[in-house]
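Inspection log for the structure reproduced underneath, given as structure tokens.
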Amino acid sequence: MGMEEKIIGACPQDCPDTCSMIITKSDGIVTGVRGNPDHPFTRGRLCAKVNNYQDRVNSTDRILYPLRRTGLKGTAAFERIGWDEALDEIASRWKAIIGTHGAKAILPYSYLGTQGILNGLTVGDAFFNKLGATISERTFCDSGACTAYTMTIGHSAGVDPESFVHSRYILLWACNTLTTNSHHWPFIEEARKRGAKVVVIDPYRSRTARQADLHVPIRPGTDGALALGIIHILFRDGLVDTDYVAQHTVGADELAERAQDYPPERVAAITGLSVDLIAELAHGLSESQPSVIRIGVAIERQSGGGQAVRAIACIPALVGSWRRPGGGLLQLPLWAFPVNWGTFLRPDFIEPEPRVLNQWKLGAALTGEMALDPPIQSLMVYNANPMVMSPEQARIAEGLLREDLFTVVSEQFMTDTARYADIVLPATTQVEQEDIMFSWGHMYLSYNNRAIDPIGEAVPNTELFRRLAKTMGFEDPSFYRSDAEQIADAMLWDAPQMQGITLERLKREGYARLNLPSADEYAPHANGHFATPSGKCEFYSSMAADGNFVLGLFRQGYDGQQSGEPIDPLPHYIPPQESAESNPDLAARYPLNLITPKSHAFLSSTYGNLPHQRRQAGDQSVTLHPDDAARFGIAASDRVKIWNDRGAFEAVAQISPDIRQGVIVAPVGYWPSLNGGQATVHAITSSRYADLGKAPTFSDNLVAVERC
Ligand SMILES: Nc1nc2c(c(=O)[nH]1)N[C@H]1C(S)=C(S)[C@@H](COP(=O)(O)OP(=O)(O)OC[C@H]3O[C@@H](n4cnc5c(=O)[nH]c(N)nc54)[C@H](O)[C@@H]3O)O[C@H]1N2
Ligand SMILES: Nc1nc2c(c(=O)[nH]1)N[C@H]1C(S)=C(S)[C@@H](COP(=O)(O)OP(=O)(O)OC[C@H]3O[C@@H](n4cnc5c(=O)[nH]c(N)nc54)[C@H](O)[C@@H]3O)O[C@H]1N2
Ligand SMILES: [Mo]
């Protein structure tokens, strides 16, 4: 045994917690990982997904060499080839496609397999912009909620998650903190020790709801009505902080009038909650100061999810909770990080009339169901696994089977998407690459020191795109920047938040708190200063009135108009489309509402193939209320079919009063190939957009259930 060495890295996963990790290696092999005990948010603990990351790194299932398809698509039949061969084939196929159809026939598809600023969201954007490929609109996660938040509050970090210790009333709205953001929990517990009340709004008594003081079991997709009902009571019962509202908000009179449409009796009927409970929430938020709302991503996966977030985002200003540390709203503190996105996005490379294609339309685009000129002739997937995480699973599979589609996938593992590739390229894991990380759940910038050399012939995404640029003959030197040069360019080092933070310090310590007031003092909107056009919290949204809201970062830097259409500038309730109110015929055939939240042991579909996490997750399950189980003749452990007009999947039934009657819950992340070749939850989801930000509507989803 050689000497054991410790390296400070950072967890790569698309998760709010972005943990500082201590990696141990011995003889060039990673032998273990643990949470950095010095990091104020990580506090020495890693989660169920990542605490055996060495097994991911060292897995014998890793893809370590470029592969070329030898058998039928979808069967994962491949042979090992060299990098030069792989790159030559990609170049010749792409050049031929560009010659015949134009570069728009090439579609990139990516998201946040790793969240590093270098290797993550934007790593391929400059390349594909230069190539002239179709622009991929990535509205996977929070684009609806971010749009709504931005319209109301602006690009503000919001409440520091660590300031929650000062909160007196903590409302976790559609957020399963103990599973999806578990390092936040100690701060919530600390607040509770100091007397705070913790409330969870969720149709399901989640792990987190079970720990809360109050669980509010709302009907899915009715959060907007609840928020407007709360606002109604705030005005009715004189619970509004009139000084704060007068000084720092726009549109209070109009909002008060709008809220008249949402009396508690009506809201109770819509949400399935009692009038008293709705009033209790309004009084709690106003009277227990500072109160704070933390919103999860699940709200936006509904036809009216954007407007629900608009309404929720008005509440902290109405009750004046922004006045003090620990009061206000937390969505993503992402905006606090002065990342130099432009250097990666290179919007200047985008041609004047680009074609933009939203990622939820992958199935329709590949099958030709969506008329595209030119049609998509090549797809390149990296940092994503659409076969498991995107809607219309069967349609995506059908598209990927097309013989004339040239598919390239960069991956660590043979995912259900990679199985269909013509060329698979091996990707490094986090310990094999260098990166710098923002967070969307705390205020620390992190540094990931590379612990070991890449295994096999795996390369970081940065190197992948350097190689592709060379192969395609790009001349601009920016394509050939080393990782070190990219890191030097990655941040706006002169920004006020970066004062005192140097690269040397980051590398040495692994993290640094942004230069902001401490969590005991940070109250970003105590005196207004909202980052909206008016500088105020906009109950009446000027961006909505102008139709001026865009998706910038989510679209390879393309900031062309998203909407142009003015929308109602006041928050309003949009009911689920698949509901008894909106579509009684559909509801008669499909009486249950399926929700598909995140699994405790997986990170989206990542880890869905690893033995430890699979054991922990168990088989694909669906949980039903006992009354629904009785009504449909289902017993615990029965294998059941869940279906609607879009498709079907099977799951093992669990019966529990933890779920609302009329709602069923099946966690996302299971791989069809490891589920007996059976489809998983996305077999039955729709690619229809929600009201804002082209967010998905996965949870606006009626189904029927029967025993197999
Ligand atoms: N373990 C684990 N952690 C993760 C992830 C993971 O896959 N696994 N994914 C990461 C990512 S990418 C993200 S975006 C975050 C997401 O983190 P969260 O925002 O917490 O996401 P979800 O688990 O989708 O949903 C949270 C809760 O919302 C509830 N819910 C569903 N529909 C509704 C509704 O209409 N109204 C209300 N009020 N509640 C509803 C669900 O029952 C669920 O308990 O987690 C990150 N962390
Ligand atoms: N039904 C349902 N659908 C959902 C959600 C839901 O809650 N319910 N959540 C939505 C949300 S919030 C999100 S964020 C998306 C997530 O959707 P995806 O981003 O597609 O999710 P992952 O399954 O994490 O896929 C990431 C892939 O990247 C690979 N990867 C990791 N690191 C690297 C790397 O360095 N290089 C390369 N080339 N590859 C790498 C991983 O092995 C993994 O296969 O899914 C969305 N879809
Ligand atoms: Mo996400």
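General remarks:
- For the range 554-618, Kirkwood radius (reciprocal of mean inverse C-alpha pair distance, Å): 16.8
- Amide H contacts of ALA601 (H built 1.01 Å from N, under 5 Å, at least 5 apart or other chain): none
- Loop GluC sites (Glu not before Pro), the range 468-561, which have at most 15 other Cβ atoms in a 10 Å radius of their Cβ (DSSP): GLU475, GLU521
- Here the relative contact order of the range 584-707, from alpha carbon pairs under 8 Å that lie six or more residues apart, stands at 37 percent.
- Annotation: amide H of VAL356 within the under-5 Å range of ILE135, sequence separation 5 or more or interchain, hydrogens built in the peptide plane.
- Each of GLY28, GLY44, GLN54 was placed along the dipole of the range 5-58 (beta-carbon charges, centred on the mean Cα), and the one lying farthest toward the positive end is GLY44.
- Peptide packing for 15-21, 373-379 was compared via the average number of neighbouring C-beta atoms within 10 Å per residue; ordered from the highest value, the list is 15-21, 373-379.
- Annotation: cysteines of the chain without a disulfide-compatible partner (Cβ-Cβ under 4.7 angstrom) are CYS15, CYS47, CYS141, CYS146, CYS175, CYS314, CYS537, CYS708.
- Over the chain, Cα pairs under 8 Å with separation of 6+ residues give a relative contact order of 20 percent.
- Amide N of the range 566-597 lying under 17 Å from the label point, which is placed 7 angstrom from the Cα of ALA269 along Cα→Cβ: 573-576, 579-584
- Global geometry of the range 584-707, whether rounded, prolate or oblate, following the gyration tensor of its Cα atoms and the 1.5 cut on a/c: oblate
- The accessible surface of the range 160-301, taken with every protein chain in place and a 1.4 Å probe, is 44 percent carbon and sulfur.
- Diagonalising the gyration tensor over the Cα atoms of the range 40-97 and scaling each eigenvalue by 5 before taking the square root yields semi-axes of 36, 16, 11 Å, largest first.
- Evaluated on the chain, the Kirkwood hydrodynamic radius is 25.9 Å, with distances taken between all distinct Cα atoms.
- The range 5-58: equivalent-ellipsoid semi-axes (sqrt of 5 x gyration tensor eigenvalues, Cα, Å): 18, 13, 8
- Measuring with a 1.4 angstrom probe and ignoring ligands and nucleic acids, GLU392 comes out at about 30 Å² accessible.
- Our estimate of slack between ARG481 and LYS6, defined as 0.36 nm per intervening residue step minus the Cα-Cα distance, is 168.2 nm.
- Debye, to nearest 20: dipole size of the chain, +1 on Lys, Arg Cβ, -1 on Asp, Glu Cβ: 1280
- With the charge dipole of the chain set up from +1 on Lys and Arg Cβ and -1 on Asp and Glu Cβ about the Cα centre, the Cα lying farthest toward the positive end among the listed residues PHE649, SER274, CYS15 is that of PHE649.
- Taking each DSSP H run with n ≥ 4 as -39500 (n - 2.57) and averaging over every residue of the chain yields -7500 deg cm²/dmol at 222 nm.
- Taking only the Cα atoms of the range 342-444, the ratio Rg/Rh comes out at 1.02, with Rh defined as the Kirkwood radius.
- Net dipole in debye of the range 120-170 [+1 Lys, Arg Cβ; -1 Asp, Glu Cβ; about Cα centre; nearest 20]: 80
- Computed from point charges on the beta carbon alone (+1 for Lys and Arg, -1 for Asp and Glu), the dipole magnitude for the range 73-162 about its Cα centre is near 420 Debye.
- The length gained on full extension between ALA488 and ARG639, counted as 0.36 nm times the residue separation minus their Cα-Cα distance, comes to 49.0 nm.
- Gyration tensor (alpha-carbon) shape descriptor, the range 40-157, a/c threshold 1.5: oblate
- When the Cα positions of ALA679, ALA629, SER541 are compared along the charge dipole of the range 534-682, ALA679 comes out farthest toward the positive end, with charges on each C-beta of Lys, Arg, Asp and Glu.
- Gyration tensor verdict on the range 149-216 (Cα atoms; rounded if a/c is under 1.5, prolate if a/b is larger than b/c, oblate otherwise): oblate
- Residue pairs, from the table LYS104/LYS361; LYS49/LYS598; LYS6/LYS507; LYS49/LYS641; LYS49/LYS507, whose Cα atoms sit over 20 Å apart: LYS49/LYS641; LYS49/LYS507
- ³J(HN,Hα), Karplus 6.51/-1.76/1.60, whole Hz, each residue of the range 199-210, x for Gly, Pro: 10, 10, 9, 6, x, 10, 6, 5, 2, 6, 4, 5
The values are calculated or read from the model by the stated rules, or taken from the named source; none is laboratory data. Since we're looking at a predicted model, the values are computed, not measured. Positions of Cβ are generated from backbone atoms using ideal geometry, with glycine treated the same way; all protein chains shown enter the neighbour counts. Quick note on the areas: whole protein, heavy atoms, side chains included, nothing else; ligands and nucleic acids left out. Shrake-Rupley method; radii C 1.70, N 1.55, O 1.52, S 1.80 Å.
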